[in-house]
Amino acid sequence: MSDEAFRTVIEPFRIHSVEPLRMTTAEHRRQVAREAGYNLFQIRSENVLIDLLTDSGTGAMSRDQWAAIQHGDESYAGSPSYFVFRDAVRELFPYEHVIPTHQGRAAEKILFGALGGVGKVVPSNTHFDTTRANIEFTGAEALDLVIAEGHDPSSLHPFKGNMDTARLEALLAERGDNVPCVMMTITNNSGGGQPVSLENLRAVSEIAHAHGKPLFLDACRFGENAWFIREREEGQGERDVPDIIRDMAACADGMTMSAKKDPMGNIGGWLALNDDDLAQQCRSVLILTEGFPTYGGLAGRDLEALAQGLKECVDHDYLRYRIRSTAYLADALDKLGMPCLKPAGGHAVYIDARALLPHIEPLHFPGQALAVALYEAGGVRSCEIGSVMFGRHPDGSESPAAMELVRLAIPRRTYTQSHIDYVIEVCERVKARAGDLPGYRIVDEPPALRHFTATFEQFG
């Protein structure tokens, strides 16, 4: 018998229950898009066939997670479900204080409410949208220091999420008094779901600590990042993923977490850290805004489901399937000649809308044009990660984002290979008429996080 890998990507699970999908026509989808102001966030989910808007909270929970829900204890204070959850977090991230929140952005809000402020600057490899918004809300600056390869969609660098350590060193030397902490996003979502190497994480940790600055992980996709380290980094290939995760955690002083990603919860998150005084300050805000420290905006049943999900998301068979199935979509689009960010990320495939639609100016939002076209053509909902999301600055000025991407985020354990084959067909049809796609202008927008609620109209 040979151990040679099979071509077929087989899901390491069986389907236990199903939910229906609504089949729609192209005419219906065009009408829905117009009525939503061409903002895919504003489309009702029943009008979406394949929903790749986000992988956050959209995964399928397992049999054992649903069983764990039955153990949920809803006591206001001191629930045993909290301690099950806390111990599961500490098994991978052995921080002293584990503070549950209803989702990751709540952890960011609490942390940067304590550390942010006017005149301060928080460096990261690349901040994601809510992280950036929560930092800027305090008057601080969110600064991206990803390596140069991270801005090159065609680069095959294995760890394009890495931080530029020379730029970090220079920042801390010049403006260290204004830096309350250093952040690392793993994997680097805004940069195409690209991983960070253990070597780079250790180097960033050493620099931050040499300057007396704590390092925090935005660790939403820690399992996927650890799998990439195991697959791509020298000397890591035979290691267990939980051990790699513990090495990642040891580099940092704390973390923010959206447990709607790798831990496969439909809701939940946490803030974890070692600093006693900071933890006390954060818990005080938690009680005001989320709930008592042993539930923090979550039901006991949610805490139990997350504890089980933390066990499942580090399973090697699951991670092998997860990363391979994402690459399956990326490889197919590459064969079609659809320009995508390379190499494939862990949770999503990112189409390079700037390369596909060179006739659309960046501030006419080529990513939005492509995302709308994918929905109208086949009911596939995706997410623009370009100048709509990142083009507007706190002072109201506009400039093109570093990259114009459309993210096809794959929910965990939700879609089968035939669903992904359908997405490939939809992309093929859109690519065939890419030159005819119009640009967009914004008609109405809020002052922050505009991509969620802005309305658009087409040019021409």
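The values are calculated or read from the model by the stated rules, or taken from the named source; none is laboratory data. Computed from a prediction, not measured in an experiment: that's the story for all the values here. FYI the Cβ positions are ideal-geometry reconstructions off the backbone, even for glycines, and counts take in every protein chain you see. What goes into the accessible areas is simple: the full protein's heavy atoms, side chains included, and nothing from ligands, DNA or RNA. Shrake-Rupley method; radii C 1.70, N 1.55, O 1.52, S 1.80 Å.
Scanning segment 358-392 for residues that are aliphatic (A, V, I, L, M), closer than 12 Å to residue 405 by Cβ and either open to solvent by less than 10 Å² (accessible area, probe 1.4 Å) or modelled with pLDDT of 95 or more (or both) yields 370, 371, 385, 388. Reported count of residues in segment 389-404, each being in contact with a helix residue (DSSP H, G or I) (Cβ under 6 Å, 6 or more places away or on another chain) and within 19 Å of residue 338 (Cα to Cα), is 1.
Could you list, in sequence order, all residues of segment 1-17 that are surrounded by 13 or more Cβ atoms within 10 Å (Cβ to Cβ) and either within 24 Å of residue 383 (Cβ to Cβ) or aromatic (Phe, Trp, Tyr) (or both)? Full working, then the answer.
Step one: list which residues in segment 1-17 are surrounded by 13 or more Cβ atoms within 10 Å (Cβ to Cβ), which gives 9, 11-13.
Result: 9, 11, 13.
Assess whether residue 12 counts as being free of Cβ contacts under 8 Å to residues at least 40 places away in the same chain and farther than 15 Å from residue 453 by Cα. The answer is no for residue 12.
Residue-by-condition table, conditions (1) closer than 18 Å to residue 95 by Cα; (2) open to solvent by less than 60 Å² (accessible area, probe 1.4 Å); (3) touching a residue at least 40 places away in the same chain (Cβ under 8 Å):
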position	(1), (2), (3)
239	no, no, no
265	no, yes, yes
269	yes, yes, yes
301	no, no, yes
308	no, yes, yes
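How many residues does segment 104-119 hold that are without any contact (Cβ under 8 Å) to a residue 40 or more places away in the chain and surrounded by 19 or more Cβ atoms within 10 Å (Cβ to Cβ)? Matching residues across segment 104-119 total 1. Residues in segment 300-314 that are out of contact with any Ser or Thr (no Cβ under 6 Å at 6 or more places or on another chain) and under 10 Å from residue 71 (Cβ atoms): 4 in all. Of the strands (runs of 3 or more DSSP E) entirely within segment 167-266, those holding at least 3 residues that are more than 24 Å from residue 326 (Cα to Cα) and touching a Phe, Trp or Tyr at 6+ places or on another chain (Cβ under 8 Å) occupy 254-258. Only residues that are modelled with pLDDT of 95 or more and among the polar types (S, T, N, Q) were counted in segment 187-221, giving 3. Looking only at residues in segment 18-67 that are among the hydrophobic types (A, V, I, L, M, F, W, C) and farther than 18 Å from residue 382 by Cα, the one that is surrounded by the fewest Cβ atoms within 10 Å (Cβ to Cβ) is 18.
Restricting attention to segment 86-102, the residues being farther than 16 Å from residue 291 by Cα and open to solvent by less than 20 Å² (accessible area, probe 1.4 Å) number 5. Pairing each residue of segment 163-182 that is on the phi < 0 side of the Ramachandran plot with any residue that is open to solvent by 70 Å² or more (accessible area, probe 1.4 Å) and part of a loop (DSSP other than H, G, I, E, B), provided the two are 6+ apart or on different chains, yields C-beta distances under 8 Å for 178/120; 179/120; 180/120. Within segment 276-294, none of the residues are open to solvent by 40 Å² or more (accessible area, probe 1.4 Å) and within 24 Å of residue 347 (Cβ to Cβ).
Selection of segment 393-409 for residues being closer than 20 Å to residue 458 by Cβ and either under 16 Å from the mean Cα position of the chain (by Cα) or open to solvent by 20 Å² or more (accessible area, probe 1.4 Å) (or both) yields 398, 400, 406.
Looking at 136, 149, just one residue is among the charged types (D, E, K, R) and closer than 23 Å to residue 388 by Cβ, and that residue is 136. Taking the criterion of being over 20 Å from residue 129 (Cα atoms) and either in contact (Cβ under 8 Å) with a residue 24 or more places away in the chain or of a type in the set (Val, Ile, Thr) (or both), the residues of segment 141-156 that qualify are 154, 155, 156. The single condition among (1) open to solvent by less than 40 Å² (accessible area, probe 1.4 Å); (2) touching a strand residue (DSSP E or B) at 6+ places or on another chain (Cβ under 7 Å); (3) not basic (Lys, Arg) that residue 253 does not satisfy is (1).
Is it the case that some residue within segment 326-333 is modelled with pLDDT under 95 and of a type in the set (Val, Ile, Thr)? Yes, because at least one residue in segment 326-333 is modelled with pLDDT under 95 and of a type in the set (Val, Ile, Thr).
Does residue 200 satisfy the criteria of being polar (S, T, N, Q), open to solvent by 10 Å² or more (accessible area, probe 1.4 Å) and more than 21 Å from the chain's Cα centre (by Cα)? If you could, list the steps in order and put the result at the bottom.
Values: polar (S, T, N, Q): yes; open to solvent by 10 Å² or more (accessible area, probe 1.4 Å): yes; more than 21 Å from the chain's Cα centre (by Cα): no.
No; evaluated as a whole, the condition is false for this residue.
From the residues in segment 120-134 that are at pLDDT 95 or above and not in a strand (DSSP E or B), which one is most open to solvent (accessible area, probe 1.4 Å)? Lay out the reasoning, then the answer.
Step one: list which residues in segment 120-134 are at pLDDT 95 or above, which gives 120-125.
So of that shortlist, the ones also not in a strand (DSSP E or B) come out as 120, 125.
Details: 120: 73, 125: 0 Å².
That would be 120.
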